[in-house]
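Taking it in order: structure first as structure tokens, then the write-up.
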Amino acid sequence: MRSQPRVFFGVHSFTPYNAKTGEFYGTVEALKGSSFSLSGELVELTGGSSKFPFAIADSSISAELSFKPCEYPDFLFELFLGKKPTDKKNIGGLVGDINGSIKGKINITVLKKEDVKFGKYFVKAIKKDDLLLDHEVIVSGMAFQLSVSSSVDFSQGDDATFVNDSLLIDFKKTGLKIEKGAVDGLVDGDSGFFDVWPPSDQGSIEVTVGASGDVFPEFGAIIMGQKSGGGDLIEIDVFRLKGIGLPLGFEEKKFSESEIKAKAMYDANKNGICKVRYLKR
């Protein structure tokens, strides 16, 4: 159409929904792009000395959805990694379960929530024959050293620094306290690791992926193009999709973005795989 060409410009949103009930999971609007590709195969009948096929028949069509989100709502983990995240909202800070040989022999809790620093921590018991170092604490006659996976949250509350290259941190600056546990038999070298969560009133999650029972649900999705200057709208509704895998990447001084793909299937109830709607104003 020379006078009024039908054009697609930009992208507005990607909105998945439950393929059985139609209920929306949510929407992604921080989006670099989204597309739905249908690519077919042709089968040629050749033979003899002819340089050209005698017949051509159509074969299967591959239908693939691709989109590039710059945000990571809960439903992306559920749809593409098979596990719905757990809400980690907390008021006073959280200390996860302590694993390792020291489990049950000590308790670590929050002492001052303003100083609690995010990270994975490693605690070790040391029998001391000399003076206690500034970064150590002593409980039941045993000294304890604490190290942490990252300095990223060291400015939270009382500023902290690594004591040395072993990633040791001053116990007194972590907002945590240590006490004797219910299990006896603490010995030199006992150790364990645990997660720490500072207070958070919204948006914090935790998700463990890769369990044998994880399920990747089928879903439908609506790709919405950007509204044109003249008010035209384009929508692609893909009825049945299945996707596995969610890239999680980080780059220097750049917002993370991922390219996620899913395959489309025939929907017998709707007698098709997708529906395209274009509104011309």
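So the values come out like this:
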quantity: Leading residue by the ranking (nearest to residue 153 (Cα to Cα)) among those in the stretch 166-203 that are at pLDDT 95 or above and among the polar types (S, T, N, Q); calculated: 174
quantity: Flag if residue 111 is outside the structural domain of residue 262 (by TED's automatic domain parsing), without any contact (Cβ under 8 Å) to a residue 24 or more places away in the chain, farther than 30 Å from residue 32 by Cα and in contact with a strand residue (DSSP E or B) (Cβ under 7 Å, 6 or more places away or on another chain); calculated: no
quantity: Residues located in the stretch 139-160, provided they are closer than 18 Å to residue 95 by Cα, touching a strand residue (DSSP E or B) at 6+ places or on another chain (Cβ under 8 Å) and not hydrophobic (A, V, I, L, M, F, W, C); calculated: 145, 147, 149, 150, 151, 153
quantity: Complete set of residues in the stretch 236-259 that are under 13 Å from residue 16 (Cα atoms) and of a type outside the set (Gly, Ala, Ser); calculated: 236, 237, 238, 239, 240, 241, 242
quantity: Matching residues in the stretch 21-43 - criterion: being exposed (fewer than 12 other Cβ atoms within 10 Å of the Cβ) and either over 16 Å from residue 262 (Cβ atoms) or touching a Leu at 6+ places or on another chain (Cβ under 6 Å) (or both); calculated: 21, 22, 23, 40, 41, 42, 43
quantity: 2 or more residues under 31 Å from the mean Cα position of the chain (by Cα): qualifying strands (runs of 3 or more DSSP E) within the stretch 68-162; calculated: 106-110, 119-126, 142-148
quantity: Strands (runs of 3 or more DSSP E) wholly inside the stretch 169-281 that include at least 2 residues being under 19 Å from residue 122 (Cα atoms) and within 26 Å of the chain's Cα centre (by Cα); calculated: 191-197
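The values are calculated or read from the model by the stated rules, or taken from the named source; none is laboratory data. All of these numbers come straight from a predicted model, not from anything done at the bench. Cβ coordinates were reconstructed from backbone atoms using ideal geometry, including for glycine residues, and neighbour counts include every protein chain displayed.
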